[in-house]
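See below for the structure under consideration.
Nothing in this text is a laboratory measurement; each read-out follows from the coordinates by a stated rule. What you see is a predicted model, and the numbers here were worked out from it, not measured in a lab. A quick note on method: Cβ atoms are made from the backbone with ideal geometry, for glycine too, and the neighbour counts reach across all protein chains shown.
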Amino acid sequence: MKSVLPQQRDELELKDKKPLYSAAEAKAEADRCLYCQDAPCIKACPTEIDIPTFIKKIATDNVRGSAKTIFEQNLLGYSCARVCPVEVLCVGACVYNAWHREPIQIGRLQRYATEKATQPGKPPLFTSAPPSGKKVALIGAGPASLACAGYLALQGHAAVIFEKRPYAGGLNTTGIAPYKLHAEDSLHEVEWVQSLGVEVKTGMELGKDIFGKDLLRDYDAVYLGVGLGEDTKLRIPGEEGDGIYGATAWIEAMKLTPTAGRKLGRVLVVGGGNTAIDVARECALLGATEVTMVYRRDAASMSGYHHEMEGARKEGVRLVTRATPVAFERDAQGKLTGLKVAVDGTEQVLPCDMVALAIGQSKMHAIAAEFPGVELDARGCIVADPTNGATGNAKVFSGGDCINGGKEVVNAVADGRNTARYLEQSWK
Amino acid sequence: MADLSIDFAGIRSPNPFWLASAPPANSGEQVMRAFDAGWGGAVWKTLGDPIVNVSSRFGAVDYAGQKVMGFNNIELITDRGLEVNLREIREVKKRYPKHAVIASLMTETKEDWKVLIRRCEDAGVDGLELNFGCPHGMCERGMGSSVGQEPKLLQEITAWTKEFAKTPVLVKLTPNIGDILDPGIAAVKGGADGLSLINTIKSIIGVDLDRMVPEPRVGNASTNGGYCGPAVKPIAMHMVASLARDPEVTIPISGIGGISNWRDAAEFIALGSTSVQVCTAVMHYGFRIVEDMIDGLSNYLDEHGMTSVRQLVGRAIPGFREWGDLDLGYQIVAKIDANKCIGCQLCVAACQDGAHQCIFTGPNDQQRPPHAHYPGTAKAPRPQILGTQAGDRVPWVDEPECVGCNLCALVCPVPGCITMVETSNETGDTWNRRVQEGRDKVPGGIHE
Ligand SMILES: Cc1cc2nc3c(=O)[nH]c(=O)nc-3n(C[C@H](O)[C@H](O)[C@H](O)COP(=O)(O)OP(=O)(O)OC[C@H]3O[C@@H](n4cnc5c(N)ncnc54)[C@H](O)[C@@H]3O)c2cc1C
Ligand SMILES: Cc1cc2nc3c(=O)[nH]c(=O)nc-3n(C[C@H](O)[C@H](O)[C@H](O)COP(=O)(O)O)c2cc1C
Ligand code: SF4
Ligand code: SF4
Ligand code: SF4
């Protein structure tokens, strides 16, 4: 799969912010963990990895055992280790914080264990159960489906993933900031999940290449892990034309397509969430002359993480708050020149060469329509029982961004795992 | 400032810190640098017929991020010619007349002992130390610990050396023995002027699990070695204290085993050592560690109103009693400082699984385990104790059930967070007294 990715991509210019630990670093850090009883870090992890146990195993040089402990609860522990907002999850709960000491770097230790144990040439960590005869179709090859399919395969059930894009991995491949995870590392993880017995069919879109009624007929269950849809637009004058991108589309192009050799001039990012912060940081790191985030409320109301915003500021990102976009301005040739915003009752023009819109992604109504009984809530999310993914159709399950409206990779993994456990339980 | 100088059976030394007979005291050049750094004496790497050493020869145990908690070696005595060593000893004594230079010796026949002692004394040593401790290599040849493990033989050879020696004779004991008093008293009976202990403990330090060979690896094989370093200190202190307490042992003791800093040294001295010897800590950090040893010991003596090291020797011995003389009525319980607690709850794990199930979490009362002394429920404090750092993760102690075992305080990572508080003072009720008064049977025994 790796060979499919273009050799020269913009994302490769952005290096790992938290590189892989050396063995000595990992051991030194692991030795610091207190091995808390009823550890708060475990509770703070959406997949409830037994963190003190996996850390102690690193301390004793049992790296394989450590990886197993992680994967038993979180099959995508490798990408989670790299992309989880650990500052607000596991690391944020570490008792060392209460002691005003540097908390244990759980994510980096998790990366160390999972990366070491899944290197090519290492003996397999798990053996799958003999075939059970059960078959599950999974739509979308993002973290939710991958986790669900992997756990199903380990139990001996046939798991087939259908993905509309040419690459599997979902946003791990197409959306995550490159200084956390490069696309090839996401694909490496997909290959590892495949090695457990999961089949991935790319270039297969539900509603176009495959259809709900066929899947319901041919499979024992269907899992919807389709994530969110296209970037939302502002619907203001001047939006049509060059220079204006949806944030996730721009990130996907930056990560997966050949370097365009384009120069980033003055960049405006509209939005105050994590996607907005990500795209702003990425532009800054790729050498944009100026990066400004434009947000309609005050800084305290931003939904993006504080630690991520801090990072963006250090990289030179500016923030304009209480500014509502009114219209885009273009010159006679149609080239983008600025964004007119309303600030506290006055209007100003922010000059720019490029704008990224990070104001949300649409929901996928078409998906639900494929399966009788599957319903959407007021936000456009698929209605599913969060403990097992069950929907209004007894054969259809769902999880990840498409049911929660967009959270983290680790939440999608937890959802996928819970459905796999539920199916396993009900097929016993 | 307190006087650190000592007189050990007539051997004078500006302070009690000596290099143990081992690699740091292998050559004149090293010993002179050690003296410059502050060491008061050196027991020269054991002299005898030179041997051939193996490669490799050291191994170590690391623990929780700390290097060299325990150390082991399969090295033998000196591999340098006797004449070279004696020439260097002569040189050292000439340049450092006030420092103690002691020759460690090991040989077989009576005649050999005679020659060896004469030649060393001619070189100007201040004393002799008989190596009856080496637990590998030499013992198979009938020397080292094979002598140390045979009190009769040890006494006989000690007596031979006393016939020939003009300087004080120290006997260095092996810990590889059932009761250290047997060889210790044999040495006294043989006429020894002092005792040194411990030498290393027979050990296998580790196994290379890929090659399936114990460590340290010599080609495709290895052998048992001698264990030393911080890990052996408790064993060494017990042995030193056993000898120091015994009325038959009237000669001074040189304490050895895991001494790394002034505090370790002070503990050995308080348990009856007059001098202390150091090997592993020097191998780990170099001669420079003696600076803190001297400084720390001298500050300690000053702060505790002692004017010489002599006043510290054996000070903790009266505080040692046989188990049967310990007070059965004295009671302490654990108290958790809610404001220091970080909520790791290691004390809960330790107490629930490893002690007496008397530490709990949460605001609710808890059913006591069936074996509790007070059946019923343990009452959670009202209102629940909240910590400034750990919030409601602060555990609470069911005080009536706390047996005062110390376990929680030992595992708590935060200094001063758990303290053991006295709830009743000594009562004088001891096991021995109960036996005397016929109260020694506790209900629930074999014959009921
Ligand atoms: C820019 C950005 C940055 C992010 N950064 C982080 C981060 O740093 N850390 C973190 O934890 N989370 C981050 N997230 C969130 C995280 O990526 C998602 O929560 C997670 O990927 C959701 O997984 P999923 O499996 O539900 O969906 P997705 O990862 O979105 O996967 C859905 C898959 O379904 C496919 N699909 C959709 N429709 C169809 C169809 N009709 N037929 C077939 N296939 C279809 C899609 O092509 C896609 O591959 C970020 C999100 C974005 C947008
Ligand atoms: C490498 C090495 C070589 C040793 N060689 C001798 C020796 O030749 N003669 C001797 O009496 N003791 C020898 N010992 C034992 C030390 O003198 C000392 O008794 C022991 O190491 C305990 O002290 P420590 O814990 O400070 O190291 C040796 C120890 C080591 C580690
Ligand atoms: S999965 Fe994420 S939140 Fe859970 S322990 Fe790992 S890094 Fe922390
Ligand atoms: S809270 Fe911190 S110290 Fe405690 S187990 Fe978790 S990582 Fe280790
Ligand atoms: S061991 Fe100490 S710090 Fe940890 S929970 Fe108990 S009292 Fe608190």
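Tell me, Kirkwood radius of chain B from alpha-carbon pair distances, in Å?
24.6 Å
Could you tally the net charge around A:Asp31, taking each other residue with its Cβ under 10 Å from the Cβ of A:Asp31, Lys/Arg +1 and Asp/Glu -1?
+1
Against the longest principal axis of chain A, how steep is helix A:183-195, in degrees 0 to 90 to the nearest 10, with axes from Cα atoms?
Between helix and principal axis, roughly 20 degrees.
Once you wrap a convex hull around the alpha carbon atoms of the protein assembly as shown, what is its projected area averaged over all directions, in nm²?
With every direction weighted equally, the projected area is 50.9 nm².
State the volume of the convex hull built on the alpha-carbon positions of region B:1-117, expressed per residue in Å³ and rounded to an integer.
153 Å³
Quick check on region A:256-393: what does the Kirkwood estimate of hydrodynamic radius come out to from the alpha carbon pairs, in Å?
By the Kirkwood definition, the hydrodynamic radius is 17.3 Å.
Give the relative contact order (percent, whole number) for region B:66-136; include only Cα pairs under 8 Å separated by 6+ residues.
Worked out over region B:66-136, it gives 37 percent.
Of A:Trp427, B:Trp262, how do they rank once you tally other Cβ atoms within 10 Å and put the fewest first?
A:Trp427, B:Trp262
Can you tell me the alpha carbon radius of gyration of region B:67-207 divided by the globular rule-of-thumb value 2.2 N^0.38 Å?
Relative to the 2.2 N^0.38 Å estimate, region B:67-207 comes out at 1.06.
Report the dimensions of region A:138-189 along its three principal axes from the alpha-carbon atoms, largest first, rounded to Å.
Principal-axis extents of the Cα atoms in region A:138-189, largest first: 36, 20, 14 Å.
Pairs to check: A:Lys135/A:Lys180; A:Lys116/A:Lys255; A:Lys314/B:Lys340; A:Lys43/A:Lys122; A:Lys56/B:Lys172; A:Lys122/A:Lys363. Give those whose C-alpha atoms are more than 29 Å from each other in this structure. Mind showing how you got there, number by number?
Numbers: A:Lys135/A:Lys180 34 Å; A:Lys116/A:Lys255 25 Å; A:Lys314/B:Lys340 35 Å; A:Lys43/A:Lys122 31 Å; A:Lys56/B:Lys172 41 Å; A:Lys122/A:Lys363 41 Å.
Listed pairs above 29 Å: A:Lys135/A:Lys180; A:Lys314/B:Lys340; A:Lys43/A:Lys122; A:Lys56/B:Lys172; A:Lys122/A:Lys363.
B:Ser13's amide H: which non-local residues (gap 5+, or another chain) put their own amide H closer than 5 Å, with H modeled 1.01 Å from N in plane and none for Pro or chain starts?
Counting only residues 5 or more places away or on other chains, the set is B:Ile6, B:Phe8.
Taking each residue in B:54-65, count the Cβ atoms of any other chain within 10 Å of its Cβ, then average. What number comes out?
Values: counts 0, 0, 0, 0, 0, 0, 0, 0, 2, 1, 5, 7.
So the per-residue partner count for this stretch is 1.
Per-residue Cβ counts within 10 Å, from other chains only, averaged over A:27-40: what number is that?
Values: counts 2, 1, 1, 2, 5, 2, 2, 8, 5, 9, 14, 7, 3, 5.
If you average over the peptide's residues, the count of other-chain Cβ atoms is 5.
Charges at C-beta only: +1 for Lys and Arg, -1 for Asp and Glu. How large is the resulting dipole of region B:125-250 about its Cα centre, in Debye rounded to 20?
The dipole magnitude comes to about 100 debye.
When a footprinting reagent is the concern and you count Cβ atoms within 10 Å, what order do A:Phe54, B:Phe58 take, fewest first? The partial results should precede the final answer.
Values: A:Phe54 28, B:Phe58 17.
Lowest count first: B:Phe58, A:Phe54.
Which far-off residues, 5 or more places away or on another chain, put their amide H under 5 Å from the one on B:Thr46, with H placed in the peptide plane?
Close amide H contacts, sequence-distant or interchain: B:Ala22, B:Thr78.
Can you give the local net charge around A:Lys201? Use residues other than it whose beta-carbon is closer than 11 angstrom to its beta-carbon, Lys and Arg +1, Asp and Glu -1.
Summing Lys and Arg as +1 and Asp and Glu as -1 gives -3.
Explain nothing, just the number: relative contact order of chain B, from Cα pairs under 8 Å at least 6 residues apart, as a whole percent.
14 percent
Applying a 10 Å radius around every beta-carbon, put B:25-38, B:68-81, A:341-354 in order of their mean neighbour count, most first. It would help to have the intermediate numbers written out before the result.
Values: B:25-38: 18.9, B:68-81: 20.9, A:341-354: 14.4.
Top of the packing list down: B:68-81, B:25-38, A:341-354.
Beyond 24 Å, how much of the Cα-Cα pair distribution for region A:319-428 remains, as a whole percent? Each step should come with its number before you reach the end.
Numbers: 2995 of 5995 pairs.
Considering region A:319-428, 50 percent of its Cα-Cα pairs are separated by more than 24 Å.
Going by alpha carbons, how many degrees (0 to 90, nearest 10) lie between the helix axis of B:82-95 and the longest principal axis of chain B?
Once rounded, the angle reads 80 degrees.
Using alpha carbons only, what's the Rg to Rh ratio of region A:34-93 with Rh from Kirkwood?
Details: Rg = 10.8 Å, Rh = 11.5 Å.
Computed over Cα atoms, the ratio is 0.94.
Within 10 Å, count the other beta carbons around each residue, average over each peptide in A:300-308, B:241-249, and list them highest first.
In decreasing order of mean packing, A:300-308, B:241-249 become B:241-249, A:300-308.
Give the whole-number value, in cubic angstrom per residue, of the convex hull volume spanned by the C-alpha atoms of region A:29-143.
Details: hull volume 14.9 nm³, N = 115.
Output value, Cα hull per residue: 129 Å³.
DSSP loop (so not H, G, I, E, B), at most 16 other Cβ within 10 Å: list which trypsin sites (Lys or Arg not before Pro) in region B:380-448 pass both filters.
B:Arg439, B:Lys441
Where does the Debye-calculated log10 I(q)/I(0) of region A:63-111 sit at q = 0.13 Å⁻¹, using only Cα point scatterers of equal weight, no solvent?
-0.31
With unit charges on the beta carbon (Lys/Arg positive, Asp/Glu negative), name the residue among A:Ser362, A:Phe162, A:Ser186 whose Cα is farthest towards the positive pole of the charge dipole of chain A.
A:Ser186
Would you check region B:19-146 for Lys pairs whose C-alpha atoms are within less than 22 Å, ignoring same-chain pairs closer than 8 in sequence, and give me the count?
6
Could you work out the equivalent-ellipsoid semi-axes for chain A, taking the square root of 5 times each eigenvalue of the Cα gyration tensor, largest first, in whole Å?
36, 28, 20
Helix B:233-245 versus the longest principal axis of chain B: what is the Cα-based angle in degrees, 0 to 90, to the nearest 10?
Roughly 80 degrees between the two axes.
Given a cut-off of under 8 Å on Cα pairs at least six residues apart, what relative contact order in percent is computed for region A:33-140? Present the calculation step by step, with values, prior to reporting the outcome.
Values: 121 pairs, mean separation 29.0, N = 108.
Over region A:33-140, the number comes to 27 percent.
What share of Cα pairs, in percent, lie more than 14 angstrom apart in region B:191-258? Mind dumping the intermediate values first?
Numbers: 1473 of 2278 pairs.
Counting every Cα pair in region B:191-258, those more than 14 Å apart make up 65 percent.
Considering the alpha-carbon set of region B:185-230 alone, what are its Rg and its Dmax in angstrom?
Considering region B:185-230 through its Cα atoms, Rg and Dmax are 16.7, 51 Å.
Please build a GNM for chain B, connecting alpha carbons under 10 Å apart, and tell me which residue among B:Val397, B:Val240, B:Val278 fluctuates the most.
Fluctuation is largest for B:Val397.
Residues with beta-carbon under 14 Å from that of B:Gly428, excluding B:Gly428: net charge, scoring Lys, Arg +1 and Asp, Glu -1?
Its environment carries a net charge of -1.
What's the extension gain from B:Gln311 to B:Tyr330 if we count 0.36 nm per residue and subtract their Cα-Cα distance?
Going from the current span to full extension adds 3.9 nm.
Using the Cα centre of chain B as the reference point, and only Cβ charges (+1 on K/R, -1 on D/E), how large is the resulting charge dipole? Debye, rounded to the nearest 20.
Computed charge dipole of chain B: roughly 640 debye.
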